[in-house]
Amino acid sequence: MKLPHNAHVAVVDGNRFMLLRNTGKPFEPTLEKVDQPELDPSNFSAGVRHQDDASQRSGATDLNELAHGAAVSEWLNAKAVSGDLTQLMVMADPKTLGEMRRHYHSELERILVGEIDKTVTGEPLEKIAKVIAES
């Protein structure tokens, strides 16, 4: 997948979030860490559609993880609206990515250059860059 030079990459799962930047070429990304904000996941309405008893008992839904995805979207929305982010790729596990999409501001949608539904938060930056290049 093409990742423009200086584009940002949000790497997210239900507990962690880091913001990276591509300092390499579009088809040969080189990533550097820009920020790892500590967020307060307070939007517990995020998982309202997942609050059935069966999912809660089986552990299939973690409202804290969904609220974290919503908090990341809110943070990214603010950066997109303020102009701090101009090109963004989002990499997140499928459940978190689905929740994040529900909270995207139109300005964030405008600056998206791609999304990858894969869990890579614990991986080294070189491996994340390789996943992007091969997608």
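Read the figures in this text as sums done on the coordinates, not as results from a lab. Being a predicted model, the structure only gives us computed values, none of them experimental. A quick note on method: Cβ atoms are made from the backbone with ideal geometry, for glycine too, and the neighbour counts reach across all protein chains shown.
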### Task
Starting at the first residue of segment 124-135, write each ³J(HN,Hα) from the Karplus equation 6.51 cos²θ - 1.76 cosθ + 1.60 with θ = phi - 60°, in whole Hz, x for Gly and Pro.
x, 4, 4, 5, 4, 4, 5, 4, 4, 4, 8, 7
### Query
Between segment 6-25 and segment 62-135, what is the C-alpha centre distance in whole Å?
8 Å
### Query
Residue separation times 0.36 nm, minus the C-alpha to C-alpha distance between ASN6 and SER135: what's the value?
44.6 nm
#### Entry: Theoretical gain in end-to-end length, ASP40 to TRP75 [0.36 nm per residue, Cα-Cα removed]
11.6 nm
### Message
What FRET efficiency comes out for ARG102 versus ARG16 if R0 is 25 angstrom and r is the Cβ-Cβ distance? Round to the nearest 0.05.
### Response
0.80
### Likely footprinting exposure, PHE27, PHE17, fewest C-beta neighbours within 10 Å first
PHE27, PHE17
### Message
If neighbour count is taken as other Cβ atoms inside 10 Å, put THR121, THR96, THR23 in order from fewest to most.
### Response
THR23, THR121, THR96
## Note on the structure
Fewest to most Cβ atoms within 10 Å: GLU38, GLU109, GLU134, GLU99 sort as GLU38, GLU134, GLU109, GLU99
